[in-house]
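The values are calculated or read from the model by the stated rules, or taken from the named source; none is laboratory data. Small disclaimer: the values here were computed from a predicted structure and weren't measured. Here the Cβ positions follow ideal geometry from the backbone for every residue, glycine too, while neighbour counts run over all protein chains shown.
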Amino acid sequence: MKEGGDNPVSVDVTPGSTVPPAPQIAVKDRGRMQGEEVGRVILDLRDLSAYYGDFRAVREVSLPIHQNEITALIGPSGCGKTTVLRCLNRMNDLIEGARIEGEVLYHGVDLYHRDVDPVEVRRRIGMVFQKPNPFPKSIYDNVAFGPRIAGFKGKMDDLVEESLRKAALWDEVKDKLHGSGLAISGGQQQRLCIARAIAVEPDVILMDEPCSSLDPIATLRIEELMQELTTDYTIVIVTHNMQQAARVADRTAFFTVDVRQDGQRTGILVEYDQTDMIFTTPSDPRTEDYVTGRFG
Ligand SMILES: Nc1ncnc2c1ncn2[C@@H]1O[C@H](COP(=O)(O)OP(=O)(O)O)[C@@H](O)[C@H]1O
Ligand SMILES: [Mg+2]
């Protein structure tokens, strides 16, 4: 046991092995302990099932989301990532026939309690979508839109500047604040949407594949921004890009589609852990197959 005995990453590289090596996935460098210290639970899914009409899209998901962390939801297409994300700010209320069973607690409060105002929920828990979707208005008015509706009484110029600075966009747009929000690059538009979400002072930001329409450089810019934002916000990101989850997320939840014998399909949460555990030593073989690319 003198060679590599203490080295947990020593790998069997027997010549002639037909098993392809697992793709190298760089995992975010944050100690487990550090990750664990950060997180008070801010959002807590308890036995959440989500339905569209009679179709149960997601079954009995329990998932605590920790404050000031980035939590990634990964898994194959159709496993319910977007559905779960939308349940976190009652966006699914807007879909006809959608309903849930179970609970979503936010700071311990049931978000679906009948006394809870869904508009307020969506102010506190903002959403950034797959495709950047600035309003056909000026950059300034995109950011000022939410605060105006909410009756913001302070200095709007300052709020707009602060929101754009937090979204790492200020320097690029400060000279064209009154130009169209649609006349900037896709990556800038996505950061504008983040600024717009930030302007109403949320404490959680949900992002559904926010980089899927962006080039690699714009993607890295958003990933850096996400890291910066965890000082003030909690982020939940859906991504089909495992490298992205590994790079940015503190914790990762892996979902898959469970197919019953009668052919009924439903999304389930397979495993949820610190990101490094999910990518290096997953406890479920289905997670391992997925993160090593063996998923068929
Ligand atoms: N508005 C909807 N109406 C009916 N079924 C839906 C709707 N949105 C999603 N679904 C179904 O719910 C399941 C989960 O979808 P989704 O949450 O979009 O998965 P993912 O984001 O992981 O690809 C899929 O079978 C999908 O077809
Ligand atoms: Mg989706």
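General remarks:
- Within the stretch 129-156, considering residues that are exposed (fewer than 15 other Cβ atoms within 10 Å of the Cβ) and not in a loop (DSSP other than H, G, I, E, B), the one modelled with the highest pLDDT: Arg148
- Residues of the stretch 66-82 satisfying the condition of being in contact with a helix residue (DSSP H, G or I) (Cβ under 7 Å, 6 or more places away or on another chain) and within 7 Å of ligand 1 (Cβ to nearest atom): Gly75
- Yes/no for Ile70 being modelled with pLDDT of 95 or more, hydrophobic (A, V, I, L, M, F, W, C), closer than 26 Å to Thr292 by Cβ and in contact with a His (Cβ under 9 Å, 6 or more places away or on another chain): no
- Hits in the stretch 109-153 (condition: touching a residue at least 12 places away in the same chain (Cβ under 8 Å) and on the phi > 0 side of the Ramachandran plot): none
- Candidate set from the stretch 176-234 (those that are modelled with pLDDT of 95 or more, of a type in the set (Lys, Arg) and buried (at least 17 other Cβ atoms within 10 Å of the Cβ)); member that is nearest to Gln130 (Cα to Cα): Arg191
- In the stretch 235-260, of all residues being small (Gly, Ala, Ser) and within 16 Å of ligand 2 (Cβ to nearest atom), the one that is surrounded by the most Cβ atoms within 10 Å (Cβ to Cβ) corresponds to Ala245.
- Only one of the numbered conditions (1) in contact with a Lys or Arg (Cβ under 8 Å, 6 or more places away or on another chain); (2) more than 25 Å from Gln67 (Cα to Cα); (3) of a type outside the set (Phe, Trp, Tyr) is not met by Asp250, and that is (2).
- Filtered residue count, the stretch 50-65, keeping only those that are within 12 Å of ligand 1 (Cβ to nearest atom) and in a strand (DSSP E or B): 9
- Among the residues of this structure, Gly267 counts as one that is buried (at least 20 other Cβ atoms within 10 Å of the Cβ) and either without any contact (Cβ under 8 Å) to a residue 12 or more places away in the chain or farther than 24 Å from Lys166 by Cβ (or both).
- Residues of the stretch 84-119 satisfying the condition of being part of a loop (DSSP other than H, G, I, E, B), of a type outside the set (A, V, I, L, M), more than 12 Å from ligand 1 (Cβ to nearest atom) and more than 20 Å from the chain's Cα centre (by Cα): Gly108, Tyr112, His113, Arg114, Asp115, Asp117
- Residue check: Phe254 meets all listed conditions (1) under 12 Å from Cys79 (Cβ atoms); (2) without any contact (Cβ under 8 Å) to a residue 12 or more places away in the chain but one, namely (2).
- Filtered by the rule that a residue be part of a strand (DSSP E or B), away from ligand 1 (no atom under 14 Å from the Cβ) and not charged (D, E, K, R), the stretch 227-251 gives Thr234, Ile235.
- Figure legend. Inter-residue proximity from the stretch 75-88: first residues of a type in the set (Asp, Glu), second residues within 9 Å of ligand 2 (Cβ to nearest atom), beta-carbon distance below 7 Å, spacing 6+ or different chains. No pairs are indicated.
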